[in-house]
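**Q** Okay, handing you the structure first.
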Amino acid sequence: MRHIVVIGAGQAGSSCVAKLRNSGFEGRVTLIGAEAQPPYQRPPLSKAYLMGDMTLERLYLRPESFYAEHGIDLRLGATVEEVDTTARVITVDGTPLAYDDLVLTTGSVPHRLPAAIGGALDGVHVVRGLADVDAMAPRFVSGARVLIVGGGYIGLEAASVAAKLGLEVTLVEMAPRILQRVASPETSDFFRDLHQHHGVDLREGVGLERLTGDDAVRGAVLTDGTELDVDFVIVGVGIAPATALAEAAGIVLENGIAVDSYGRSSAPHVWAAGDCASFPYGSARIRLESVPNAIEQAEVVAQNLMGAQKEYVAKPWFWSDQYDVKLQIAGLNTGYDRVVTRGVAPGPVSFWYYRGETLLAVDAANDPRGYMVGKRLIESGKSPVPEVVADEDSDLKALLKA
């Protein structure tokens, strides 16, 4: 009986095995996860779950009973030590397990601060898994002093939760502006104003030199010489694809596990999907860190495991929740040379990215209509005249018919 093994029990892994069963696959399916919990949602961890608005059970992507009921061998708290692509065998907690096809949905790992500057002190946290959030949650008490290192979306979301709970929040970003790597100055300005309005001490162009304390963090020294007293630290300085197993197995890497448009890696019978995988996108190769990509790419891999020969065509979209603002992002802004603003904060506002006359992406803050229209325009290859987009009196939906 054919045996498909999936390593990584996150959003992509869970989506892959569910799609296999829902598509009629009758062979053996094994899903292996390093964490003790069944597959769960990660985005709510640093928001609703940390705030106490979502229970653990509501985090689960599917009821734990789903896996047994669908004949999926779910192995939790398991460590995969080795992948032998020639023999088609993996080693799990010292025991060999043969496969016919292997899917790597190993996700990503957060960057951590070096121990040399205090990264190993108690009270220094990252935001990635359930254990990370459970460890920091007791520290979120009104009046506590938290330093957040990194002004990307993870750091800003953590800052919004901390500020809402009454903590004293300082956020440092060593780049000249927050969100510099992923967004326009206009989007950065919007979120800078938002956080400062909620009392966050936001410092741009300033990095962390070192943390101080004996066993636990007690303070921080910034690159401008400022010294801060802190009770705990949250590090949000990006993530890296989890590729150690693939690299050790000799699988080709290129900003993640390199796969073709069908999800196949360089090793026969080995596939990859989600945060860990890079794939063709137009004339380039990209890796997307998003829930929609994890789901959609994993489902395409599942279909191809059953012979569909279906190419994965990514339709990038993302979101971020901060305070009472929902940011929705459609498209990829790489290579933009112009940004058109529609609307005025604090009302619905969106930022439209162009390269020449071509619409690339839209950042929409509390502007669901702008997001939906922008997303459909990008996916259909239509680019409205920038001046029309900027005119708030123009009918956005009419742009779809133009």
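**Q** Considering only residues of region 247-261 that are part of a loop (DSSP other than H, G, I, E, B) and without any contact (Cβ under 8 Å) to a residue 60 or more places away in the chain, which is surrounded by the most Cβ atoms within 10 Å (Cβ to Cβ)?
**A** V259
**Q** Now for a different question. Please list, ordered by first then second residue, the pairs with beta carbon atoms under 8 Å, 6 or more apart or interchain, first in region 34-47 and touching a residue at least 12 places away in the same chain (Cβ under 8 Å), second of a type in the set (D, E) and buried (at least 19 other Cβ atoms within 10 Å of the Cβ).
**A** S46/E157; K47/E157
**Q** Checking T187 against (1) among the polar types (S, T, N, Q); (2) more than 19 Å from A120 (Cα to Cα); (3) surrounded by fewer than 21 Cβ atoms within 10 Å (Cβ to Cβ), which single condition isn't satisfied?
**A** (3)
**Q** What's the number of the only condition in (1) touching a residue at least 60 places away in the same chain (Cβ under 8 Å); (2) of a type outside the set (A, V, I, L, M); (3) outside any helix (DSSP H, G or I) that G13 fails to meet?
**A** If we test G13 against (1) touching a residue at least 60 places away in the same chain (Cβ under 8 Å); (2) of a type outside the set (A, V, I, L, M); (3) outside any helix (DSSP H, G or I), just (3) comes out false.
**Q** Restricting to region 226-259, give me the number of residues that are out of contact with any Ser or Thr (no Cβ under 6 Å at 6 or more places or on another chain) and farther than 26 Å from Y153 by Cα.
**A** 5
**Q** So how many residues does region 61-88 have that are part of a loop (DSSP other than H, G, I, E, B), surrounded by 13 or more Cβ atoms within 10 Å (Cβ to Cβ) and either of a type in the set (G, A, S) or modelled with pLDDT of 95 or more (or both)?
**A** Taking region 61-88 and keeping what is part of a loop (DSSP other than H, G, I, E, B), we get 61-64, 70-71, 76-79, 85-88.
Pick out the ones that are also surrounded by 13 or more Cβ atoms within 10 Å (Cβ to Cβ) and you get 61-62, 64, 70-71, 76, 78, 85, 88.
Those left that are additionally either of a type in the set (G, A, S) or modelled with pLDDT of 95 or more (or both): 61-62, 70-71, 76, 78, 85, 88.
Counting residues in region 61-88 that are part of a loop (DSSP other than H, G, I, E, B), surrounded by 13 or more Cβ atoms within 10 Å (Cβ to Cβ) and either of a type in the set (G, A, S) or modelled with pLDDT of 95 or more (or both) gives 8.
Residues checked against (1) of a type outside the set (A, V, I, L, M, F, W, C); (2) touching a Gly at 6+ places or on another chain (Cβ under 9 Å); (3) in the same structural domain as F190 (by TED's automatic domain parsing):
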{"position": "C276", "(1), (2), (3)": "no, yes, no"}
{"position": "A284", "(1), (2), (3)": "no, no, no"}
{"position": "R287", "(1), (2), (3)": "yes, yes, no"}
{"position": "Q328", "(1), (2), (3)": "yes, yes, no"}
{"position": "V349", "(1), (2), (3)": "no, yes, no"}
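**Q** Applying the selection to region 335-364, what residues are outside any strand (DSSP E or B) and within 24 Å of the chain's Cα centre (by Cα)? Don't jump to the end; show me each part of the working.
**A** The initial filter retains those residues of region 335-364 that are outside any strand (DSSP E or B), namely 335-337, 344-348, 356-357.
Residues satisfying the conditions are G335, Y336.
**Q** Considering only residues that are in contact with a Phe, Trp or Tyr (Cβ under 8 Å, 6 or more places away or on another chain) and not hydrophobic (A, V, I, L, M, F, W, C), which ones fall in region 109-144? Talk me through it step by step, then tell me what you get.
**A** First, the residues of region 109-144 that are in contact with a Phe, Trp or Tyr (Cβ under 8 Å, 6 or more places away or on another chain): 123-125, 130, 133, 136, 139, 144.
Those that are in contact with a Phe, Trp or Tyr (Cβ under 8 Å, 6 or more places away or on another chain) and not hydrophobic (A, V, I, L, M, F, W, C): G123, H125, R139.
Matching residues to (1) touching a helix residue (DSSP H, G or I) at 6+ places or on another chain (Cβ under 8 Å); (2) at pLDDT below 95; (3) farther than 23 Å from I178 by Cα:
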position: R192; (1), (2), (3): no, no, no
position: G205; (1), (2), (3): no, no, no
position: E227; (1), (2), (3): no, no, no
position: V235; (1), (2), (3): no, no, no
position: A249; (1), (2), (3): no, no, yes
position: V252; (1), (2), (3): no, no, yes
position: N255; (1), (2), (3): no, no, yes
position: D260; (1), (2), (3): no, no, yes
position: S265; (1), (2), (3): yes, no, yes
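**Q** Also, I was wondering about something else. Taking the residues in region 9-60 that are within 18 Å of the chain's Cα centre (by Cα) and of a type in the set (K, R) as candidates, determine which candidate is modelled with the highest pLDDT.
**A** Taking the candidates together, the pick is R42.
**Q** Here is a list: K315, K310. Which entry is modelled with pLDDT under 95 and in a loop (DSSP other than H, G, I, E, B)?
**A** When all the criteria are applied, what remains is K315.
**Q** Another question about this same structure. Could you check how many residues of region 218-246 are assigned to a strand (DSSP E or B) and either surrounded by 16 or more Cβ atoms within 10 Å (Cβ to Cβ) or of a type in the set (D, E, K, R) (or both)? Break it down stepwise before answering.
**A** Residues of region 218-246 assigned to a strand (DSSP E or B): 219-222, 227-229, 232-235, 239-241.
When the remaining residues are screened for being either surrounded by 16 or more Cβ atoms within 10 Å (Cβ to Cβ) or of a type in the set (D, E, K, R) (or both), the result is 219-222, 227-229, 232-235, 239, 241.
Count: 13.
**Q** Which of the residues spanning region 107-123 are farther than 20 Å from A244 by Cβ, surrounded by fewer than 19 Cβ atoms within 10 Å (Cβ to Cβ) and touching a Leu at 6+ places or on another chain (Cβ under 9 Å)?
**A** Residues satisfying the conditions are I117, A120.
**Q** Return the total of residues in region 154-180 being at pLDDT below 95 and either in contact with an Asp or Glu (Cβ under 6 Å, 6 or more places away or on another chain) or more than 12 Å from K47 (Cα to Cα) (or both).
**A** Number of matching residues: 0.
The values are calculated or read from the model by the stated rules, or taken from the named source; none is laboratory data. Remember, predicted model here, so these are calculated numbers, not experimental data. No Cβ is skipped: glycine too gets one built from the backbone with ideal geometry, and neighbour counts run over all protein chains shown.
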